[in-house]
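Undergrad: Can you keep this structure in mind? I'll have questions shortly.
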């Protein structure tokens, strides 16, 4: 898994959007990736909660990178489609997105991500994403 984790971390480091959001890749394992991001003033909506765009961005990346953990060396991944259910306002210090593979096919991989808002280590489930990834 070390080679795969290195490849994923290198790819993540090239994502300027994740850098802009202050996101960090914290866990990589076979079929699973965790990304965290602070809820900065610049990524809040008008009520002070984390913007849905922040939630979607880190959830999509966590899900996509979970798919990449199962793909061969040299592959990259792109989202074909992604659906999100926003269940609660993203109020907290940071968001935690856990992406996982539901089914890895030959050409398409179905993925999911859960996103939690965290305050002082206490998490609230704020979103679920489900989508499809393709190797490129």
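The values are calculated or read from the model by the stated rules, or taken from the named source; none is laboratory data. Small disclaimer: the values here were computed from a predicted structure and weren't measured. Glycine gets a Cβ as well: all are built from the backbone with ideal geometry, and neighbour counts include every protein chain shown.
Undergrad: Got a sec? Which of 106, 123 is without any contact (Cβ under 8 Å) to a residue 60 or more places away in the chain, over 13 Å from residue 34 (Cα atoms) and in a strand (DSSP E or B)?
TA: Values: 106 fails: in a strand (DSSP E or B).
Of 106, 123, the one residue that is without any contact (Cβ under 8 Å) to a residue 60 or more places away in the chain, over 13 Å from residue 34 (Cα atoms) and in a strand (DSSP E or B) is 123.
Undergrad: Select from the range 66-81 the residues that are crowded, with 18+ Cβ neighbours inside 10 Å and touching a helix residue (DSSP H, G or I) at 6+ places or on another chain (Cβ under 8 Å) and list them in ascending order.
TA: Across the range 66-81, the qualifying residues are 68, 69, 77.
Undergrad: Quick one: in the range 34-65, of everything that is in contact with a helix residue (DSSP H, G or I) (Cβ under 9 Å, 6 or more places away or on another chain) and part of a helix (DSSP H, G or I), which residue is nearest to residue 5 (Cα to Cα)?
TA: 65
Undergrad: Moving on. Since residue 50 meets every condition but one in (1) over 12 Å from the mean Cα position of the chain (by Cα); (2) crowded, with 16+ Cβ neighbours inside 10 Å; (3) free of Cβ contacts under 8 Å to residues at least 40 places away in the same chain, which condition does it not meet?
TA: (3)
Undergrad: Any residue that is at pLDDT 95 or above, in a strand (DSSP E or B) and more than 15 Å from the chain's Cα centre (by Cα) - is there at least one of those in the range 92-101? Outline the logic, then answer.
TA: Going residue by residue through the range 92-101, those that are at pLDDT 95 or above are 92-101.
Of the ones still in play, those that are also in a strand (DSSP E or B) are 94-101.
Narrowing the set further to residues that are more than 15 Å from the chain's Cα centre (by Cα) leaves none.
No, that holds for no residue.
Undergrad: On the basis of being part of a loop (DSSP other than H, G, I, E, B), more than 27 Å from residue 10 (Cα to Cα) and more than 14 Å from the chain's Cα centre (by Cα), does residue 74 make the cut? I'd like the intermediate steps shown before the answer.
TA: On the way: part of a loop (DSSP other than H, G, I, E, B): yes; more than 27 Å from residue 10 (Cα to Cα): no; more than 14 Å from the chain's Cα centre (by Cα): yes.
Taking the combined requirement at face value, the residue does not satisfy it.
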